[in-house]
Structures are given as C-alpha cells and as structure tokens.
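Okay, so here's the structure we're looking at.
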Amino acid sequence: MTLIKDKIKNKEFDLVIESNLVRKNYWKDLWKYRELFFFLAWRDILVRYKQTVIGLAWSLLRPFLTMLVFTVIFGRLAKLPSGDVPYPILVFAAMLPWQFFATSFSDASNSLIGNSNMLTKIYFPRMIIPASTVIVNFVDFLISFLILTGLMFWYHFLPPISILALPVFIAQTFLISMGASFYVAAVNVKYRDFKYIVPFIVQFGLLISPVGFSSNVVPEKWRLLYSMNPMVGVIDGFRWSITGDASQIYLPGLYLSFGVTIFLVLIGVWYFRKMERTFADLI
Amino acid sequence: MSIAIKTEHLSKRYVIRHQQKESYLALRDVIAEKTKKLFYIFGSNKSKNPGFKKKEDFWALKDINFEFNQGDRVGIIGRNGAGKSTLLKVLSRITEPTEGRISLKGRIASLLEVGTGFHPELTGRENIFLNGAILGMRRVEIKRKFDEIVDFSGVEKFLDTPVKRYSSGMYVRLAFAVAAHLESEILVIDEVLAVGDSEFQSKCLGKMQDVSKEEGRTVLFVSHNMAAISKLCNTGILLSNGTVAENSSVERVVDLYISTCFKSEFYELGNSKNDKDVYFEKIFLSKDKISSINSFSLSDEIQCIFQVKGTKPVKDSTLTFIVRDKNLNPIFSEHFPVAEYNDKLIATIPKGMLLPGRYYLQSMLHVPNVRFLDNNEEYISFSIEETGSKNSIYTVDLGFVNIPVKWEKEL
C-alpha cells in the first residue's frame, strides 16, 4: 500500500535525490550531456595546439619520430625479420593502437584531478571527463593514421582485403582505452600517489606488447597466457588487417582478447560508477 | 502554488581522519596500514594500541526538512561551517546525501562558482559555449541566447580575445551572464555576487529578481551579505550546526541571524575538539580584569581580555580585534604580536572614546596575509550606555567615536 502511495508521490517530482539511489537516469543524463563531452574534447584539442609554435604538427611528429626510432633499433640494429612487408609499416601498424591506448591511459589518469574545480562545483555525469580525454587521443590516432597511409604510398604497398577488418580492431582499442581510463581515473582520485605508478605501467606495457617485435616469437605454450594482455590481440589484429599476413593472427588469443576487453570495460564502468559518488568529497 | 523543492530528513556525514597530514589517501599509506595490521594479528600483542581512533564522524547536515514553492526566492544564511555549502552541494547533486531525500520539480541549475570550466586560453566566444555546455545548456540554446548573453556581459568588444587578457571584472561579468541565461526551473546560487563592481552586482540582483518574479523560477541564494538577501529573497532559512534553526520570512531570519550569531556576552572554548596550533581559550570584556561585563558607561575604560593558548609555536602569529558598529561595519581595529601562548592579553580602550550605542568585538589569531589560526566568528556584543554624552540631546545618529578635536577662535 505504502509502496503505491510512494510511487504516486514521486511522480509529482522530476528528480529525487537519495543516498545510494540506483540512478536509472544515469545513462539518460549521459546522453543529455553528450554535447559537453564534445565541447570538452574540443577545448582540449584547441588549447593543446594554441600554445605551441608548430601546432597541429605535433600530433604527426610524435608518432613519426617514435616509428623512426623503432625502425632503426629493431629493424636495422636487431635485424628482426619482417617478411616481405616493409619494416616501418609493420612497426607502425602496432604503434598506432599502442600509442592511442598509452596516451589515453596516462592522460585519463590525471583527467579528474585536473578538472577538480568542475567536479566540486557542478553536476554532470563524471564519466564525460575521462571519456573526452580518450576522444582527444582518438583524434590524434586518426591523424597518425594519415602517416600510415603516407608510408603505404611511399613503399607502394597496396593494402590487402583484410583491411576491411580494421574497424573491428579500432573499436576494440577504443573500448580497451575507455575501460582502462575509467578505472585509472577513479583510482587516481582515491589514491593520489597512484600517478607515480602510471608511467611505469605504460612503460611495462610497451615491453610486454608486441610493438617492436611480432608475437610469433613468443613460444606456443605461453601464447595463450601472453594473450591475456588485450593489446596483444589488438596489435596482432592491426598487423593482420594492414599487412594481410594471416600468420600474425592467433585465433584463441584473439577470442581471449575480446573477452578481456569486455571484462575491462565492465570493470572500468563498474568501478567508476561505484567511486563516482564520492569524487566530490575526496578530491 | 505547487511545491518546487522538498527535503525530508536530509543528512550528510563526513568522515574526518585524524593523524593525517594530507587531505587525501595515499596508496602507500594504505599498504603500510594493511601490513601493520597483519603484524598486529600475527605478531606479539605488545603493539596493541589503546585508544587508536583515527576516524570521526561529522554531520555537516542533520535532519534538514523544508519545502519551497515555485517562484520562491529563498535566502540561506548561517555562519561559516553551518552547512550552507554542503546543502547547496547536495541539492545540486555534486555530492550524495548520507540519509534522507530531496524531491525537485523541474530542471535544477547551480552556480556555485562563477566561471567554472572557463579556460584562460580560449576566447570569450569559445568560453560562452564551453561554459554553457558545462552548465547543462544545449548548443542550440546557447546559440539562441548568445546575443543576449553578450549584451548582458558588456564585453562584445573583446569576444575574440582570450579570457586570460580580461580584467577580473570582465571575466566575472561574462561568467555570470552565461549562468543567468540558463533555462532551469530551480536556480541555486552560492556567494557569487561577492565579486564584481557594485553596479554589476545590482544588475545581477535585478536579473535574479526578474528571473523569479516574471518567469516563476525558484531561486536558492546563499550569501553573507544581508542587504542582498533582504533585497532579493522573500523567504529564508537559517542554518546552524547543520540543522535548520529557523524557516520563515526573510526579515525574521535575517534578524535572528544578526541577533543570535552575534550576541554572545563572552567566548569560552568548551570541551569541543581543538586541533588548532594557536587558539583563543577565553575572550571577555571587563572593567576590573576579572569579571565579565557587557555594559559600560561613558566614563569606563573597556578592557578586552584575550586568553590565548598554543600547542605549537607559530612564527609571526598576531592577534587582531575589530570593533564593529550595530550594522557590523568596522570602526577600528588593533593588532598585537602573540609570542607566548599562555598569556592573558589585555587591550584597554580609553574611556569616552566610543559613543553610546551597541558594538561588536570580533577577534582572530592569524599570521598576517598567510593563514588564519583561529578565526572566531562569535562576536562579543557590548554597549555603552547613554550617561550624558555630547550627542545625547539629539535623536539622529551622529557617529560612533569621540575624537578630541581642538577648537580655536581667531579674530
């Protein structure tokens, strides 16, 4: 009886705020604030290039230089085999998703702290902040993609039919970046010294991801365990789509990486939403 | 009239951590703490720590109940720490209540700070869009109101200049202009009018009045400026220690605020927790340095007696007191360096200096321009009784102080 009465009573009001109230409006709110999400990304992009001399060129230069270093060190000095695919393309195919993930991850870790004045003064779905950081880096990713296209022209390399699978792997990279970013952003609010660990994670991640080498060099019995790192599946997938070399793909590992990706997104969103309620009090 | 906003048993608890220098938690400490606990469990029992209490609950809001109708202009007043800011934060969904419920009708927008999200590198035009989006406006909505916003702010000449080159007045005007054009049924405003010049302040007050009277929007307004509250609001609540002390007409609430919050006869630190480095233990007024009195005659010297205690020496700590008139305007102030912390400091105001009337004594301990050590908000009230002053035959207000003026006559 009281339940029905309560329901009627609540109908009079558009918004009821209670402690621990499951916010069914959350996703609706997120949709309502979708413009803010792009405004924040737009702000970050605008501001980043406003203060620099060469502006937009930075986002081209950074991945290009890294690619150069990798090509020289691994291709020329270490003489890693790359088959008939030009080594820079092989490296670049891996660099792209890795760079996207790594910069998103480290930028997102500081995103909430960096916008703490907004967090303590205004309500909006907090997920927008790390998500817009990922969007900014996604723009950088697309710009870097232009370099790859340039490289392909340079080497007269015609992309194979498997390039059609690339959007799947781009989406996967996006999801991994989002999931990890939500998680690290929330952790960083609670434990402020976590930021010292982030660069270490990124560096370590680079070493255990097949960026400078092919994951075929990993012994067969370790391969599945190695694929626990979702970036392995993504990078292999990028290589396969771009070079058409099917030997790059290790199917059980690929499925596992899809699974890990979904898990990462779910845990990231779950943890973020759990912590979100306390952000304003903690920050 | 329909109800626009209603709270039921609204409470908010904060957990205060003691023995912690940083305001935030460090992973390092958590790991260290967990390891220590492991040692307590497995190790010898000699390390049992008696009275090991690190956390303490603090109720910033306790059982707040109120209802306001659509179109009400509500002034929220109270001393620092009474819970005003927490109430606004809970209402605007920045932080969750611990208990209770808030029911709102219509969209709520809050303006707790002017220019949140403004980016100094962006131009005025860009910031209008960004700030509008942060406050929850749609892009089309901002576009539609763009001219109106620019017009209100009066910065049209500098629209394409980065706001870092704006004067602080322009900055505030632009920021307020964006917020003032929000289309929300409920508007929550913190002390944002404490900035800007007086002309702009009255323009803002006027805008807020329009917003509620003509458009029927509900405004919740926090301020320490009683004149602004009285002018804008029609109803008010007085918060005290996280509870509603009074909820009635704005005149009554403002009166009550001035008379209760500023009407102590002396100040004495009770048993309440004190973690300050230097603090007042007792403040009172006297004629004989011992007994506390609050009513003086013109021929009395007024002794202001401050008992200061300290747990830790603080360099350059200074005691300042301000004597204010009945409207709380300052009349004069004095500063004195505090070196020893078990002192009883006596400041004597010579007889006949203050003319009959009611006065308030405000005192604070601070390091000048660096930090407050103890900012005592309890003003001590005292009066000088009319015992035949030079102004006693007049009925109009003729000032507060008696300055020995020399008269001469020249032929």
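The values are calculated or read from the model by the stated rules, or taken from the named source; none is laboratory data. The structure presented is a predicted model; accordingly, all values stated were derived computationally and were not measured. Cβ atoms come from the backbone with ideal geometry, glycine included; neighbour counts cover every protein chain shown. What goes into the accessible areas is simple: the full protein's heavy atoms, side chains included, and nothing from ligands, DNA or RNA. Shrake-Rupley method; radii C 1.70, N 1.55, O 1.52, S 1.80 Å.
Table for the structure above
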quantity	calculated
The one condition in (1) among the basic types (Lys, Arg); (2) within 9 Å of another protein chain (Cβ to nearest Cβ); (3) touching a residue at least 12 places away in the same chain (Cβ under 8 Å) that B:Arg139 fails to fulfil	(3)
Residue tally, condition under 12 Å from B:Val188 (Cβ atoms) and either within 7 Å of another protein chain (Cβ to nearest Cβ) or open to solvent by less than 10 Å² (accessible area, probe 1.4 Å) (or both), over region B:80-103	9
Which listed residue is at pLDDT below 85, of a type in the set (Gly, Ala, Ser) and either touching a strand residue (DSSP E or B) at 6+ places or on another chain (Cβ under 9 Å) or outside the structural domain of B:Lys231 (by TED's automatic domain parsing) (or both), from B:Gly75, B:Gly136, B:Gly100	B:Gly136
Residues of region B:1-43 satisfying the condition of being polar (S, T, N, Q), modelled with pLDDT under 65 and either on the phi > 0 side of the Ramachandran plot or surrounded by 11 or more Cβ atoms within 10 Å (Cβ to Cβ) (or both)	B:Gln19, B:Gln20
Residue in region B:104-125 that is over 23 Å from the mean Cα position of the chain (by Cα), modelled with pLDDT of 85 or more, over 20 Å from B:Ala4 (Cβ atoms) and open to solvent by less than 10 Å² (accessible area, probe 1.4 Å) present	yes
Residues within region A:103-126 that are more than 14 Å from every other protein chain (Cβ to nearest Cβ) and open to solvent by less than 10 Å² (accessible area, probe 1.4 Å), tallied	2
Flag for A:Phe182 being modelled with pLDDT of 85 or more, touching a Phe, Trp or Tyr at 6+ places or on another chain (Cβ under 8 Å) and over 20 Å from A:Ser257 (Cα atoms)	no
Test: residue in region A:232-239 that is of a type in the set (Asp, Glu) and assigned to a helix (DSSP H, G or I)	yes
Single residue of region A:129-179 satisfying the filter (hydroxyl-bearing (Ser, Thr, Tyr) and within 30 Å of A:Phe272 (Cβ to Cβ)) that is modelled with the lowest pLDDT	A:Ser144
Residue in region A:213-226 that is among the charged types (D, E, K, R), in a helix (DSSP H, G or I), within 14 Å of chain B (Cβ to nearest Cβ) and open to solvent by less than 40 Å² (accessible area, probe 1.4 Å) present	no
Selection status of A:Val260, within 30 Å of A:Met118 (Cβ to Cβ) and in a helix (DSSP H, G or I)	no
One residue from B:Lys54, B:Lys46, B:Lys62 being loosely packed, with under 10 Cβ neighbours inside 10 Å and either at pLDDT below 85 or of a type in the set (Lys, Arg) (or both)	B:Lys46
Selection status of B:Phe372, among the aromatic types (Phe, Trp, Tyr), surrounded by fewer than 16 Cβ atoms within 10 Å (Cβ to Cβ) and within 23 Å of B:Val278 (Cβ to Cβ)	yes
Residue within region B:395-404 that is modelled with pLDDT of 75 or more, surrounded by 10 or more Cβ atoms within 10 Å (Cβ to Cβ) and not in a loop (DSSP other than H, G, I, E, B) present	yes
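Condition check ((1) open to solvent by less than 60 Å² (accessible area, probe 1.4 Å); (2) modelled with pLDDT of 75 or more) across all residues:
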{"residue": "A:Met1", "(1), (2)": "no, no"}
{"residue": "A:Glu35", "(1), (2)": "yes, yes"}
{"residue": "A:Gly75", "(1), (2)": "yes, no"}
{"residue": "A:Pro86", "(1), (2)": "yes, yes"}
